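Heads up, the thing below is written out as structure tokens.
The values are calculated or read from the model by the stated rules, or taken from the named source; none is laboratory data. From a predicted model like this one, the values you see are computed outputs, not experimental measurements. Surface accessibility is based on the protein's heavy atoms, side chains included, excluding ligands, DNA and RNA. Shrake-Rupley method; radii C 1.70, N 1.55, O 1.52, S 1.80 Å.
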Amino acid sequence: MSVGGRGGVRERILRRAALIAGVLVLLALLFLLSGHWVLGVIFGIAGAAAIWVFLQARTVR
């Protein structure tokens, strides 16, 4: 089944949101494990917010 129109746009937005959330979480883990805990906490908060936004966007129909 081909996804076009609004469905395609929604899928691309969700894919980008998931990618951004994943990158922020990986950066947070990288900084925390390398000893830069201030940057790790900052990116961790941003990653948690990005995951929350992604989960909220998934529920919108």
For this session: Scan segment 34-47 for residues that are within 18 Å of residue 20 (Cα to Cα) and either open to solvent by 50 Å² or more (accessible area, probe 1.4 Å) or not in a helix (DSSP H, G or I) (or both) and jot them down.
Result: 39, 41, 42, 43, 45
Exercise. How many residues, within segment 9-42, are over 22 Å from residue 58 (Cα atoms) and hydrophobic (A, V, I, L, M, F, W, C)?
Worked result: 12
Problem set entry | Qualifying positions in segment 1-33 - open to solvent by 100 Å² or more (accessible area, probe 1.4 Å) and either of a type outside the set (A, V, I, L, M) or not in a helix (DSSP H, G or I) (or both) | 1, 2, 6, 12, 15, 16
